1. At 1.4 Å probe size, with the rest of the protein present, what percent of the exposed accessible area of the chain is carbon and sulfur atoms?
2. Helix by helix through the chain, keep the DSSP H runs that span 20 Å or more along the axis on Cα and average at least 0.0 on Kyte-Doolittle, and give those back in order.
3. Dipole of the stretch 241-340, Cα-centred, from +1 at each Lys and Arg C-beta and -1 at each Asp and Glu C-beta, to the nearest 20 debye?
4. Count neighbours as other Cβ atoms within 10 Å of each site's Cβ, and list the trypsin sites (Lys or Arg not before Pro) in the stretch 373-433 that are DSSP loop with at most 14 such neighbours.
5. Give me P(r) over the stretch 310-414, computed from all C-alpha to C-alpha distances, binned every 5 Å, as integer percentages.
6. Taking amide hydrogens as modeled 1.01 Å from N in the peptide plane, which residues meet the under 5 Å criterion relative to Trp335, leaving out close sequence neighbours?
7. Can you report the principal axis dimensions of the stretch 191-236 using only the alpha carbons, biggest first, rounded to whole angstrom?
8. Could you state the orientation-averaged shadow area of the convex hull built on the Cα atoms of the stretch 80-125, in nm² to one decimal?
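The values are calculated or read from the model by the stated rules, or taken from the named source; none is laboratory data. Since the model is a prediction, treat every value here as computed from it, not as a measurement. Here Cβ is always computed from backbone atoms with ideal geometry, including for glycine, and neighbour counts include all displayed protein chains. Remember, those area values only see protein heavy atoms, side chains included, never the ligands or the DNA or RNA. Shrake-Rupley method; radii C 1.70, N 1.55, O 1.52, S 1.80 Å.
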Amino acid sequence: MKTPFKTTLLLVVMLCAFGTQLQAQVINVQNGEKWYGGAVNDAHLMPFTDGYRLNLFGDVRGNQAAPLLLSNKGRYVWSEEPFEFSFENGQLVISKAKGEVLIDARGKTLRDAVGNASRRFFPSKKQVPDTLLFTKPQYNTWIELVYNQNQQDILSYARAIKANGFPEGVIMIDDNWADYYGRFDFRKDRFENAAGMVDSLHQMGFKVMLWVSPFISPDTEVFRELLGKKLVLFTNRGNSGISWEDAENPALISWWNGYSAVLDFTNPQAKNWFTDRLHYMMKTYHIDGFKFDAGDADFYPDDAVSFQKASPNDHTRLWGEIGLKFPLNEYRAMWKMGGEPLVERLRDKQHTWEDLQKLIPHITTAGLLGYQFTCPDMIGGGEFGSFRDIKILDQELIVRSAQCSALMPMMQFSVAPWRVLSKSNLAIVKKMVALREKHVAYIIHLAKTSSTTGEPIVRSMEYAFPNQGFSNEKQQFMLGEKYLVAPVLNKGREKTVRLPKGRWRDDRGETFVGPRVIKQEVALDRLPVYESLDE
């Protein structure tokens, strides 16, 4: 089953910079060659086909991204800066590059390409985020409370987790716990004794994470302080030559909660101010860690004036660096931080079968880009609008979503299963939590191994079994080298599983020899899992 990284012939092409943009480079796509990478949130469109185009400058697609493209023939493209790429008439075209572009052809497989790129440009740091994020389910208060985060309902949510037989893990308090953005104290109208609330959660067996963002509400006391110290981004007001010293007008950024100023983390003082506030929350309210939201590159205008010159993508990366100080962390938007001990959650998914089908290609592509400590989106979906009317919820979809997440690196709940599911369907979800507990030791083993080798925890079939016809497979994945996981991702009971070469034993004890295609009816309470019997 093991395929070592290759170290064959090296072919490097460097595109020399003239000014700020490089000459386009055309790469002929080889016969049978498939390409992946760039942006995780577009992974369901991979391998790329003619007509795809993405400019990574200022656009990480609201999720993890990297200036890296990878081929199942062992080639990869890397740059330290963003570039545009497109597929046209059987060619990969690299254009609008902001830095030198390297094309490496040493490998022969996708696994080779990932290994060669990661060792050179984003080696693993031999650190793992807080292991509680792997060993127990996570519980986020977003879907249940949305913007009405409050002490009473958070405690009720935690008690219901325990009362309904779910294991204690991390509980995440989501947005709107403070009076305004930039204010690092719980709002008194909703939290009578926030420290006492956190202490109670600790006594119940939970660790507590808190939602934070880099935004600062304008026309507030904190905003005026930070503006006076020049710790926020500024706008050039049409004067592209203005210096940071002369900039006076703060940039007001449009985001999903309105307009806000944004901290300038190119300024060490801004970074210190923010991390000091986080440590204050830990000391004062006994918070254990943080959910770092926003930070998307498109929230940082290219013409913004910062303490040090930085691209929109650089600002996203700087936001990511904050979390390195906190082992209990979670991010959604990220740029060029592969190999780091950061938890990366997939972008919010809708409560639809179409979005459920995106989980496997998205999370396995994150692994190809070096983001190994990944969390699928909230079970059943993370967009609160889908859950306003319980009568239109698809319980089958929630059950299959729980099964899809069960053997991924992490498992996160938000909508309360005991509130929206029937007794029988709730029992199935709890069965999936129990199944995960049986595999936790192996998942932790993979996480620790990944922190040293950079190998993905969850792997695409093409990565694990090159040249066996899996380059387009998006409906099953490998957990390490041992388990093939094939959740049902369509409404109904039909599932087609494609086994690679070798001997396999399924979750019911039946043995198979691959390659083989298995078409079957899968009961609602079953997650098909095939264990490799080969050494």
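1. The value for the chain is 47 percent carbon and sulfur by accessible area.
2. Membrane-span-like by this criterion, though nothing is claimed about a membrane: 423-453.
3. Values: 9 positive and 15 negative charges, 90 e Å.
The dipole of the stretch 241-340 has a size of about 440 debye.
4. Details: sites: Arg388, Lys391, Arg400, Arg419, Lys423, Lys430, Lys431; in loops: Arg388.
Passing sites in the stretch 373-433 are Arg388.
5. Over the stretch 310-414, the share of Cα pairs per 5 Å bin runs 2, 13, 22, 21, 16, 13, 8, 4, 1, 0 percent.
6. Ala65, Arg317
7. 51, 19, 14
8. Numbers: hull surface 16.5 nm².
In nm², the orientation-averaged hull projection of the stretch 80-125 is 4.1.
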